[in-house]
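The values are calculated or read from the model by the stated rules, or taken from the named source; none is laboratory data. Everything quoted here is computed from the prediction, not taken from an experiment. Glycine gets a Cβ as well: all are built from the backbone with ideal geometry, and neighbour counts include every protein chain shown. Heavy atoms of the whole protein, side chains included, go into the accessibility calculation; ligands, DNA and RNA do not. Shrake-Rupley method; radii C 1.70, N 1.55, O 1.52, S 1.80 Å.
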Amino acid sequence: MSDERPGYPTALGASSLDKITLLGSDLAGDVMGRVGFGELAFWLATQRRPSQGETRVFEAVLAALADHGFTPTAIVTRLTYLSAPDSIQGALAAGLLGGGSRFLGVTEDCGRFLHDVLASVDGDLPTDDAGWDALALATVTAQRTAKRFVPGLGHHVHKQGDPRTPRLFEIAAEEGLYGPHLSLFAAIGRVHREVLGKQLPLNGAGVCGAALADLGLPLELLRGFALLARTAGLIGQLAEELRHPVANEVFLSVDLNNRPVDPDPFVPPPLPVAGDGAPG
């Protein structure tokens with residue numbers, strides 16, 4: 001048997017008797033008190049230190065996604081804490097587990113969708129609004145034909161426009177980080193009415209996905225950044241619940257207003273019969 005110990009290389013955190021290194025830097029001397037948390041989160045994910053402009057856009061995304069009121073993620077966090085006040089980690093985890101295709105997950109879905117469209121372009125990407133509008137029109141038309149939604153389009157509250165969206169476009173432009181994902185997303189906002197017959201807002205979660213993709217962050221991690229932001233918001237929800245509890249009222253509102261009804265048995269849909277194209 002070999003006496004060699006296995007090696008597990010990492011450029012992240014490592015400790016010795018008197019020192020901790022993180023990303024090749026001395027944690028105590030070079031990072032603590034010198035690097036903000038948003039900058040560090042970007043640095044950890046990419047293993048390169050972001051520029052000042054990248055940090056500003058990234059932190060704007062985190063701020064945009066931190067909290068959005070009594071969403072299902074916030075409600076379940078408060079209710080879980082009501083049920084298990086000894087498990088704050090359980091309450092936070094419950095809220096984060098609800099980050100899916102309707103809430104928070106749109107950030108990843110939109111970033112991936114835009115990236116797939118851009119990657120499928122044969123030749124150079126557009127260089128002006130007319131070119132982006134043509135690409136967006138073809139994209140929305142294809143989604144409509146396939147009976148699929150366009151991720152990031154529409155919002156259940158901000159029907160006249162999500163206030164986060166123009167602000168993030170503005171910040172990205174100010175920092176010279178308004179790239180192809182944001183350009184395509186903006187064009188979708190301009191042309192989709194021609195295809196769908198109605199005007200829908202570009203939502204904040206979607207523009208965050210476009211901005212993160214333009215920063216060159218891994219598409220597989222986009223939902224992770226949304227969850228990172230929402231963790232701060234859920235801590236805020238729990239802090240408010242401690243001072244001004246509402247979870248018990250939410251629970252009782254449902255529990256005391258339930259209405260017994262007759263059972264509604266599930267009936268599976270019928271299978272095709274022989275002669276309908278199915279094997280006989």
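Some points to look at:
- Residue match in the range 48-67 (condition: more than 21 Å from Ile171 (Cβ to Cβ) and either touching a residue at least 60 places away in the same chain (Cβ under 8 Å) or not charged (D, E, K, R) (or both)): no
- Scope the range 44-68; condition under 18 Å from Leu177 (Cα atoms), buried (at least 19 other Cβ atoms within 10 Å of the Cβ) and of a type in the set (A, V, I, L, M, F, W, C); matching residues: Val57, Phe58, Ala60, Val61, Leu62, Ala64
- Output for the range 52-74, where each listed residue is closer than 13 Å to Phe103 by Cα, β-branched (Val, Ile, Thr) and in a helix (DSSP H, G or I): Thr73
- Those helices (runs of 4 or more DSSP H) of the range 113-204 in which at least 3 residues are more than 30 Å from Thr71 (Cα to Cα) and open to solvent by less than 70 Å² (accessible area, probe 1.4 Å), considering only elements entirely within it, cover 129-145.
- Extreme residue, most open to solvent (accessible area, probe 1.4 Å), among residues of the range 26-43 that are under 21 Å from Gly216 (Cα atoms) and of a type in the set (Gly, Ala, Ser): Gly36
- Of all residues in the range 69-89, those being touching a residue at least 12 places away in the same chain (Cβ under 8 Å) and open to solvent by less than 30 Å² (accessible area, probe 1.4 Å) number 5.
- Residue count for the range 186-226, restricted to those that are of a type in the set (Lys, Arg) and under 24 Å from Gly100 (Cα atoms): 1
- Residue count for the range 232-263, restricted to those that are open to solvent by 60 Å² or more (accessible area, probe 1.4 Å) and either of a type outside the set (A, V, I, L, M, F, W, C) or not in a helix (DSSP H, G or I) (or both): 16
- Of all residues making up the range 9-25, the number that are open to solvent by less than 40 Å² (accessible area, probe 1.4 Å) and either in a loop (DSSP other than H, G, I, E, B) or not aliphatic (A, V, I, L, M) (or both): 2
- For the range 68-86, the set of residues classified as of a type in the set (D, E, K, R) and either in contact with a helix residue (DSSP H, G or I) (Cβ under 8 Å, 6 or more places away or on another chain) or closer than 29 Å to Glu174 by Cα (or both) consists of Arg78 only.
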